[in-house]
Structures are given as structure tokens and as C-alpha cells.
Amino acid sequence: MLHLPPIPPLDVEAMRKAAERQNTLTKPLGSLGLLELLATQLAGMQGCERPHAAQPCVIVIAGDHGITRQGVSAYPAEVTPQMVINYLRGGAAVNVLARNAGAHMLVADFGVAADLPPHPNLILQKIAYATRDFSHEPAMSLAQAEQAIEQGIALANRAIDQHNADLIALGDMGIGNTTASAAIIAALTGKPASEVTGRGTGIDDASLQRKTALIENALSQYELHLPNYQLHTGEANVDFGLKLLQHVGGFEIGGLCGVIIGAAARRVPVLVDGLITSAAAVLAAMLAPDTRKYLIAAHLSVERGHRVALGHLGLKPLFDLEMRLGEGSGAALAIPIVSAACKLLDQMATFAEAGVSNNG
């Protein structure tokens, strides 16, 4: 049976003190806009009036998908292990952006369809060699769905305990994962597959139609339509969330869902990247609704389902650079923004300290 740790409420007193300090700093009230709101929210997440993002950690989880056999991606499944090796060698976009942000990076194999060469920076927690083709059978067993989430929770704890992570940025790798993610988002938001399914790696019109139809058929076949009252109340439904992950999900999506839950339970803010990590966030919010309070949307992807997922979660992205790479690139790029929000609140002088008149 899946055991989920409790999610603490935001620290209202820390938020009040952070907001009060914002109003004493040497600037017109509210002049730093959303940076002020972000710092105040971080204070509530971390439970301290001067939040910090001094030890950020990017967590990338990889897993392959059986649905790729249906031609839903422009790239073959062989790309997944090749890209994981690229991460381990430090050559991918997310590596560059993580280094730029001064972030530690963890790379985990939860379900790559190949044996990866040993590497000191690879966390090998393979559940299976890819999920099954969900157009014909459930993507995984219920036990595997629970295992993916539990391993994700443990991975969050590892980042916090071993690397002192005070901010976690989510990343993913897995050919075919936009199909699984779109299916999860459609089921948990009540939107039709056509409104949340995009081109992923750059598929053509025929492939997009096939991808959309596969998702629609799977949601219908497995009866994965959430009752309407739960769509609007945000009520937890662990059984439905697990059933959804089991039937159309991915090992890396379940793992990322677990990372969110594990981080939130430890009061560590989580930067959500693009479509795949947002699908994991929507799933986490179904299993443990209070995880929403610990989420920060890094950016808005051009993948159409991403906007729907963020709207469902009530999140406003920090920026929109028309990115759609995934792998944690947008989340890593957002780390310096979060760090800056914290430093502005902590290091700016107050009017009294600076000897500046405050008649505002």
C-alpha cells in the first residue's frame, strides 16, 4: 500500500513577516512586482521570513514508453539512453543551465529500455525496461506505479539530506512521454485529448491525429475520466491517481510525482518545468492536494497541454521564452530568478538602515 508523507501547511506567520519586510525596503511599495510575491510565498514554504535558494538541485528522471511503438514521436526510443549519457557527461542544455545556476544535478534511471554504462553520477533505480504499450494494455502494474512514486519520494529525501537542497528543479527524459503526459492532463483536468495533445518532438499532422486518438481511446477503454465534482473541488483521490498512472503513465512521471510529494513534505519548494513535469504535478495534486502550495511554475511551454496543466494548478509561469525542450531546461533557467527574489528580500537595506526618507 502506498504511504504518502503529510504535507505541512504554509507558514502564515513567516509570510506575514516577509511581506512586512518587503514594505520597509528601499523601493516603492510593490515595485518589484511578482518577485515580491514569490519571496513571500517562499517564506511560507520554507517556514522562515527570509527564504533562501543557496543549494538548488536539478533532478532529472528518465524512463521509456511502450506507446512509442505506435509512431507518436519523431525520434526513436534509442535516443533516451543516449541523452541520459549526455546528461552524465555534462553536455546537454540542462547541464549548462544547471551549472549557470550553481545547481547540483541528480540523474536517475527509473525505466530506460537499455542497460546504461556504470557512472558515479547515475542513480540506477530501474523499475522495468520501459512501460508497456498503453494502447493495448496498462502501462504498468499497480505495484510498479506505487514503486515509482515511492522511489521519487526517496530521491527528494536524498537531494535534501545528502546535498542540502533548498530548492528542487524538475527534469525528465523519455521518448514518448508527451503522450503519457497529455493523457494524464486530459484525465485530471477534464479537457478533451485534442486540447492538451501537442507535437512533442515535432511530429507531423498525421502522427498528431494518431497520437490524439490513442489517448482518447485509452482514456475511454480504461474508464479514466475523473468524476466532475472532483475536478472542481480538488479533492484527493489516491485510488484514481494510481489507476491513471498505472494505465497510461510513465515511470519517470510517477517518480517526478513522488519527488514533488517528498519535497513538499520537507518544506522544499519545487520548480516545475514543462509538459511532463506539469503532468507529474497535476498527478501529485490529485494524490496530495497540498503539494500545490509548494509548486513554482518556471515557464510556459509551447506544448498546448502545459497551459492547461498550469491553469488547473493555479500557477503563473515566471517567464515565456517559447521553449519546449523539456529535460528541466526551463526549471534550471528559473533558478536564478528564485534566488534573486530571496536575496532581494534578505539583502536590500530598509529605509531606516539606509537613512532614506520614506514618505510613500
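The values are calculated or read from the model by the stated rules, or taken from the named source; none is laboratory data. Note that this is a predicted model, so its numbers are computed, not measured. Here the Cβ positions follow ideal geometry from the backbone for every residue, glycine too, while neighbour counts run over all protein chains shown.
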Margin query: Could you list, ordered by first residue, the pairs with Cβ atoms under 9 Å in which the first is in the range 194-218 and farther than 19 Å from G250 by Cα and the second is surrounded by 15 or more Cβ atoms within 10 Å (Cβ to Cβ) and among the acidic types (D, E), at least 6 apart or interchain?
Written below: S194/E216
Check: Taking the condition surrounded by 21 or more Cβ atoms within 10 Å (Cβ to Cβ) and not in a loop (DSSP other than H, G, I, E, B), does A340 pass?
Finding: no
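Taking only the range 239-267 into account, find how many residues are assigned to a helix (DSSP H, G or I), touching a strand residue (DSSP E or B) at 6+ places or on another chain (Cβ under 8 Å) and not hydrophobic (A, V, I, L, M, F, W, C). Quick ask: steps written out before the conclusion?
Start the filter on the range 239-267 by keeping residues that are assigned to a helix (DSSP H, G or I), which leaves 239-248, 251-265.
Next, from what is left, pick out any that are touching a strand residue (DSSP E or B) at 6+ places or on another chain (Cβ under 8 Å): 251-256, 259-260, 263-264.
Cutting the leftovers down to not hydrophobic (A, V, I, L, M, F, W, C) gives us 252, 254-255.
So the answer is 3.
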Next item on the list: Go through Y87, Y75 for me and flag whichever is assigned to a loop (DSSP other than H, G, I, E, B) and among the aromatic types (F, W, Y).
Entry: Y75
Checklist line | Hits in the range 43-62 (condition: in contact with a helix residue (DSSP H, G or I) (Cβ under 6 Å, 6 or more places away or on another chain) and not hydrophobic (A, V, I, L, M, F, W, C)) | finding: G44, G47, E49, R50, P51, H52, P56
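Yes or no: A114 under 16 Å from the mean Cα position of the chain (by Cα) and in contact (Cβ under 8 Å) with a residue 12 or more places away in the chain?
No.
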Check: among the aliphatic types (A, V, I, L, M) and either closer than 17 Å to A334 by Cα or at pLDDT below 95 (or both): does that describe A103?
Finding: yes
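Which of the strands (runs of 3 or more DSSP E) contained wholly in the range 103-181 include at least 2 residues that are under 22 Å from I67 (Cα atoms) and out of contact with any Leu (no Cβ under 8 Å at 6 or more places or on another chain)?
Details: elements: 104-111, 122-124, 167-173.
Hits in the range 103-181: 104-111, 167-173.
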Checklist line | Count of the range 214-233 residues which are exposed (fewer than 15 other Cβ atoms within 10 Å of the Cβ) and either of a type in the set (A, V, I, L, M, F, W, C) or on the phi > 0 side of the Ramachandran plot (or both) | finding: 1
Margin query: Can you say whether I203 is of a type outside the set (D, E, K, R) and part of a helix (DSSP H, G or I), as far as the supplied structure shows?
Written below: no
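Condition check ((1) buried (at least 24 other Cβ atoms within 10 Å of the Cβ); (2) β-branched (V, I, T); (3) closer than 20 Å to F110 by Cα) across all residues:
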position: D161; (1), (2), (3): no, no, no
position: A169; (1), (2), (3): yes, no, yes
position: G176; (1), (2), (3): yes, no, yes
position: A186; (1), (2), (3): yes, no, no
position: E195; (1), (2), (3): no, no, no
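Table: residues versus (1) under 30 Å from R21 (Cβ atoms); (2) free of Cβ contacts under 8 Å to residues at least 24 places away in the same chain.
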| position | (1), (2) |
| --- | --- |
| P269 | yes, no |
| G274 | no, no |
| D290 | yes, no |
| A298 | yes, no |
| H312 | no, no |
| S329 | no, no |
| K343 | yes, yes |
Item checked: Single residue of the range 268-313 satisfying the filter (assigned to a helix (DSSP H, G or I) and among the hydroxyl-bearing types (S, T, Y)) that is surrounded by the most Cβ atoms within 10 Å (Cβ to Cβ) -> T277
Check: List pairs: first in the range 52-63 and part of a loop (DSSP other than H, G, I, E, B), second among the β-branched types (V, I, T) and crowded, with 24+ Cβ neighbours inside 10 Å, Cβ under 6 Å, 6+ apart or cross-chain?
Finding: A53/V338
